[in-house]
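These notes are about the structure you will find just below.
Laboratory data are not the source of any read-out in this text; all were calculated from the coordinates shown. Computed from a predicted model, the values in this text were never measured in an experiment. In this analysis, Cβ positions are derived from the backbone assuming ideal geometry, glycine residues included, and neighbour counts consider all displayed protein chains.
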Amino acid sequence: MYVNTAKEMMLRGEPAFGYALHTGSPIAAELLARSGIDFLLVETQHGAWGHDGATLAFMAIMGSPAVPMARVAKNDYTYIGKFLDQGCMGIIVPMVDTPEDAKNAADACRLPPRGTRSWGMGRARAYGDDYLLWADDQIYCSVQIESATAVKNAEAIMATPGVDGCWIGPNDLGLSMGIHPRDIPTNDEHARALETVVQACKNTGKIAGLSCSSPEEAARRVGEGYQFLTASSDANFLMNGARASLKTMGR
């Protein structure tokens with residue numbers, strides 16, 4: 001049996017930190033998986049991943065301490081099922097605005113009678129012949145709260161059976177509120193919206209998550225009640241390291 005250690009940590013009330021994978025490189029996935037990070041998020045909504053590449057990323061992460069997770073491109077039964085069948089142990093679903101959206105996401109992650117996931121697996125069989133007996137409990141299902149409508153519906157969304165937590169997309173949330181992402185750090189209305197979602201998670205016993213802009217922000221946000229936090233990405237590490245090197249060389 002595979003134990004989703006990131007989910008286990010969060011259920012104990014501890015934070016789990018992750019890095020997003022944007023570049024489409026399984027080698028980057030393999031290296032970061034052995035960095036000590038709690039989970040890696042294969043970013044298929046905005047990143048350079050196709051289905052085959054994402055499967056290679058799950059393979060690269062497997063056997064490391066990091067938990068393989070993915071953001072699917074949209075709230076789609078087939079997308080979600082195919083990633084789970086290939087060994088993804090956490091699914092993040094974008095643009096969930098209503099309890100109905102949340103139910104569709106959760107149902108796609110769970111086998112009957114808890115959901116509607118189809119019985120079958122691809123490379124997930126590498127976890128063992130008993131995979132389908134424990135998958136429902138170990139898979140982490142997170143929905144994205146990233147619109148003003150979703151904030152209004154936050155408590156009903158988080159109360160949906162099968163939803164383990166949320167991952168707030170602060171930039172899309174800001175845009176939906178008429179706030180440019182550059183103004184988010186100083187905008188009180190945006191801060192109140194985040195607080196509303198965190199409180200909804202507390203009220204329903206679910207896990208609050210946030211896409212953070214840096215490791216420093218991720219560490220700070222733990223004190224605000226967030227437990228599922230992405231702190232940076234392979235692309236950011238690459239660019240920041242290159243820029244720092246150029247600065248050191250006087251360029």
Subset of the stretch 176-202 (residues that are within 21 Å of residue 228 (Cβ to Cβ), of a type in the set (A, V, I, L, M) and surrounded by 15 or more Cβ atoms within 10 Å (Cβ to Cβ)): 184, 193, 194, 197, 198, 200
From 162, 205, residue being small (Gly, Ala, Ser) and touching a residue at least 12 places away in the same chain (Cβ under 8 Å): 162
Scanning the stretch 134-164 residue by residue, the ones that are under 18 Å from residue 84 (Cβ atoms), assigned to a helix (DSSP H, G or I) and hydrophobic (A, V, I, L, M, F, W, C) total 2
List every residue pair whose Cβ atoms sit under 9 Å apart, with the two residues 6 or more apart in sequence or on different chains, where the first one lies in the stretch 91-114 and is in contact (Cβ under 8 Å) with a residue 40 or more places away in the chain and crowded, with 24+ Cβ neighbours inside 10 Å and the second, anywhere, is polar (S, T, N, Q) and assigned to a helix (DSSP H, G or I). 93/104; 96/104
Provide a single number: the residues in the stretch 70-81 that are farther than 14 Å from residue 166 by Cβ and crowded, with 17+ Cβ neighbours inside 10 Å. 5
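Condition check ((1) of a type outside the set (Ser, Thr, Tyr); (2) in contact (Cβ under 8 Å) with a residue 12 or more places away in the chain) across all residues:
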{"position": "19", "(1), (2)": "no, yes"}
{"position": "29", "(1), (2)": "yes, yes"}
{"position": "37", "(1), (2)": "yes, yes"}
{"position": "40", "(1), (2)": "yes, yes"}
{"position": "57", "(1), (2)": "yes, yes"}
{"position": "63", "(1), (2)": "yes, no"}
{"position": "66", "(1), (2)": "yes, yes"}
{"position": "75", "(1), (2)": "yes, yes"}
Could you say whether any residue in the stretch 225-247 is free of Cβ contacts under 8 Å to residues at least 60 places away in the same chain and among the acidic types (Asp, Glu)? no
Scope the stretch 155-191; condition charged (D, E, K, R) and under 21 Å from the mean Cα position of the chain (by Cα); matching residues: 155, 164, 172
